[in-house]
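Note sheet for the following structure.
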Amino acid sequence: MEKLIKGRRSIRTWQDKQVPEELLIKAVELATWAPNAGNQQSWRFYIMVNRVTINAIADALQSSVNEMASWPESAAFKSELTGWRERACFFRSAPAAIAVAAGQYQSLVDKVLSPREKFDNHAMVIRQWRNTASSRLQTAASASAYLLLVLHQMGLGAVWMTGPMQIKGDIENILRVSPGWDIVAFIPVGYPADKPRPGERKPVASVCEIIR
């Protein structure tokens, strides 16, 4: 397991080789064994093996990136934005992609808080605290993490993208996502064309505190 986890990389270049649909379906099936809020399994996965669809999403993102780069507020970041505009749609060359959607989730506590927070400030604060660790986003994130590991184990390369969420509505229209579902992650997939070197990790002592 340690080798699998430490061997995974974020892949951004792929071979021009089709990924079998059955592999992608199997990867999603295994991802659905991830922990999730209330075991409601409030996730959906949109598997794209059609370059036309992937290109449509890339075109929409490029248009958004170009628009943002033209804003006066972007002038102070001109050098950084040049590279960003060039790299934003690297996934255009991916043979496949998987979009992860989060559904609505309401726990028993949420049902109690919903009417109460309208007149009770303490209840409103509790809701705000709970929203910082949104159950629905944790559910989708958990499945996405499993998905990346499974794809890596299959010999595939992928990268977890949230940048395309700036065109969330466009993606949902292109994929015909049902109302009540939100695309929260976009994962291009393919057979790796390179093997990036591992990034440095912070020492565990700097990110871990033992409460004795």
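Within the group Val19, Val49, which residue is within 26 Å of Gln153 (Cα to Cα), surrounded by 13 or more Cβ atoms within 10 Å (Cβ to Cβ) and free of Cβ contacts under 8 Å to residues at least 60 places away in the same chain?
It is Val49.
Is it the case that some residue within segment 87-98 is touching a residue at least 40 places away in the same chain (Cβ under 8 Å) and in contact with a Ser or Thr (Cβ under 6 Å, 6 or more places away or on another chain)?
no
Exactly one condition in (1) exposed (fewer than 14 other Cβ atoms within 10 Å of the Cβ); (2) closer than 22 Å to Ala94 by Cα; (3) among the basic types (Lys, Arg) is false for Arg212; which is it?
So Arg212 meets the others, but not (2).
Kindly list, by first and then second residue, each pair from a residue in segment 156-177 that is more than 11 Å from Ile57 (Cβ to Cβ) to a residue that is part of a loop (DSSP other than H, G, I, E, B) and β-branched (Val, Ile, Thr), limited to pairs with Cβ atoms under 9 Å and residues at least 6 apart or on different chains.
Leu156/Ile11; Leu156/Val19; Gly157/Ile11; Gly157/Thr13; Ala158/Ile11; Val159/Ile11
Hey, among the residues in segment 70-110 that are surrounded by 10 or more Cβ atoms within 10 Å (Cβ to Cβ) and of a type in the set (Lys, Arg), which one's nearest to Tyr191 (Cα to Cα)?
So the residue we want is Arg92.
So in segment 65-121, with the set limited to residues that are assigned to a helix (DSSP H, G or I) and hydroxyl-bearing (Ser, Thr, Tyr), which one is modelled with the lowest pLDDT?
Thr82
Within segment 128-150, can you find the residues that are of a type in the set (D, E, K, R) and buried (at least 16 other Cβ atoms within 10 Å of the Cβ)?
Passing the criteria: only Arg136.
Only one of Ala158, Ala193, Ala185 is in contact with a Ser or Thr (Cβ under 9 Å, 6 or more places away or on another chain) and surrounded by fewer than 16 Cβ atoms within 10 Å (Cβ to Cβ). Can you tell me which?
Just a single option satisfies the conditions, and that option is Ala193.
The values are calculated or read from the model by the stated rules, or taken from the named source; none is laboratory data. It should be emphasised that the depicted structure is a prediction, and the values quoted were computed from it without experimental measurement. Ideal geometry is used to build each Cβ from the backbone, glycine not excepted, and the neighbour counts take in all protein chains shown.
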